[in-house]
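One structure below.
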Amino acid sequence: MALLQNVSLQDPRDRFELLQRVGAGTYGDVYKVRRAAGRAGERRAESGERGYALCVLLRELAPGPASSSSLLTPSSSLLNPPPLQARDTVTSELAAVKIVKLDPGEDISSLQQEITILRECRHPNVVAYIGSYLRNDRLWICMEFCGGGSLQEIYHATGPLEERQIAYVCREALKGLHHLHSQGKIHRDIKGANLLLTLQGDVKLADFGVSGELTASVAKRRSFIGTPYWMAPEVAAVERKGGYNELCDVWALGITAIELGELQPPLFHLHPMRALMLMSKSSFQPPKLRDKTRWTQNFHHFLKLALTKNPKKRPTAEKLLQHPFTTQQLPRALLTQLLDKANDPHLGTPSPEDCDLEVGIVPEPVCLLFAHSNRCLPLVL
């Protein structure tokens, strides 16, 4: 197995203590952890943060040696990691760790690309990278902890978001996407499950497990990767049309906005492959909000632009940040109130008009093999 670059060989168990398994992402299990006292300038954990972590890698928060934080030995073997809880004996600072099993002879190029891409991206709306460590056949990827959870988790508890809450999420996500795209990178899996909140109401792009990088020589991606219901038409038809660019993220954000208002993306009632087939057809029409009267014209128009079928006519993330839907007054309190509602079962009771909306459960990822490549590409079905 080739050696991963920008990965420390120090034992990660000397730097972090596993607290709890909180889920799985594109490449591996994800744990909430505590980390030891770090160097000056590193962020402290948000008081009372509840357990949520994600599969993301980002750049170092501050320069310094790898020994600036430490992991304590977990109480169980990681060969078959169970849910764990523990705590750091030095500080109460929280972090998130993704643990990836590396098989002998495995192609690690995509994982290496993920680390490389995300080390270069530092932005308030992107989850921050702390470091990576290789221990035997396990790669530990350490990142910022977001205590509010994912927006998918939140709307499962609260019901549909209010329009201004959706606008706030879109504005913050667009800021992160604009930065990502300005660095020549694509996320490729924007959806409610990959937008995380801090307890202060910050929105963070998460899980870059299928992210790609645009270069001068490769102006368009030609791989079929993403989650079907959020996938742009040009991605669904990549085998026939030959490529796509960063504007696929703008489409996915438009679908996510509908998801937040309707509890599931359009076409969710269809089998994923049926949805993909429909999206790849020339007769496919962009989806709209089902309730035409519940939402403002600004929201409808924002979605019309974000869900422009022709990517050559679809506005950029930067352009959509100038739309009235995202330039209206949108205080952070909109999201802290949402978090309060998610944490209070009485506040989270759905209104009568929401009772006919069914919460969608996103299926687990599988792999599909395409003729143009001998690689197994992750696709959520």
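Details
- Residue pairs meeting the criteria (Cβ under 7 Å; at least 6 apart or on separate chains; first of a type outside the set (A, V, I, L, M) and buried (at least 16 other Cβ atoms within 10 Å of the Cβ), in the stretch 314-325; second at pLDDT 95 or above and assigned to a loop (DSSP other than H, G, I, E, B)): ARG314/THR308
- Scanning the stretch 307-337 for residues that are outside any helix (DSSP H, G or I) and among the polar types (S, T, N, Q) yields THR308, ASN310, THR316, GLN322, GLN328, GLN329.
- Of the residues making up the stretch 154-191, those that are under 17 Å from ASP207 (Cα atoms), touching a Leu at 6+ places or on another chain (Cβ under 9 Å) and acidic (Asp, Glu) number 1.
- Flag for LEU276 being surrounded by 16 or more Cβ atoms within 10 Å (Cβ to Cβ) and in contact with a helix residue (DSSP H, G or I) (Cβ under 9 Å, 6 or more places away or on another chain): yes
- Looking across PHE268, PHE284, one residue alone is modelled with pLDDT under 95 and out of contact with any Pro (no Cβ under 8 Å at 6 or more places or on another chain). It is PHE268.
- Selection count, the stretch 132-157, where residues are closer than 17 Å to ALA193 by Cα and either assigned to a loop (DSSP other than H, G, I, E, B) or of a type in the set (S, T, N, Q) (or both): 7
- Failed criterion for ASP107 (all others in (1) among the acidic types (Asp, Glu); (2) assigned to a helix (DSSP H, G or I); (3) at pLDDT below 80 hold): (2)
- Residues of the stretch 254-297 that are closer than 23 Å to LEU197 by Cβ and either free of Cβ contacts under 8 Å to residues at least 24 places away in the same chain or polar (S, T, N, Q) (or both): THR256, GLN264.
- Residues satisfying the criterion are present in the stretch 237-248 (criterion: surrounded by 20 or more Cβ atoms within 10 Å (Cβ to Cβ), of a type in the set (A, V, I, L, M), modelled with pLDDT of 90 or more and more than 14 Å from the chain's Cα centre (by Cα)).
Here is a yes/no grid of residues against (1) out of contact with any strand residue (DSSP E or B) (no Cβ under 6 Å at 6 or more places or on another chain); (2) surrounded by fewer than 24 Cβ atoms within 10 Å (Cβ to Cβ); (3) over 23 Å from SER132 (Cα atoms):
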site: ALA157; (1), (2), (3): yes, yes, yes
site: GLU163; (1), (2), (3): yes, yes, yes
site: VAL169; (1), (2), (3): no, no, yes
site: SER182; (1), (2), (3): yes, yes, yes
site: GLY192; (1), (2), (3): yes, no, yes
site: LEU196; (1), (2), (3): no, no, no
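- Test: residue in the stretch 335-358 that is of a type in the set (A, V, I, L, M) and either modelled with pLDDT under 90 or surrounded by fewer than 11 Cβ atoms within 10 Å (Cβ to Cβ) (or both): yes
- Enumeration of residues in the stretch 138-155 that are touching a strand residue (DSSP E or B) at 6+ places or on another chain (Cβ under 9 Å), closer than 16 Å to GLY261 by Cβ and crowded, with 24+ Cβ neighbours inside 10 Å: LEU151, ILE154
The values are calculated or read from the model by the stated rules, or taken from the named source; none is laboratory data. Only a predicted model underlies this, so the values are computations on that prediction, with no experimental measurement involved. Every residue, glycine among them, receives a Cβ derived from its backbone with ideal geometry; neighbour counts consider all protein chains shown.
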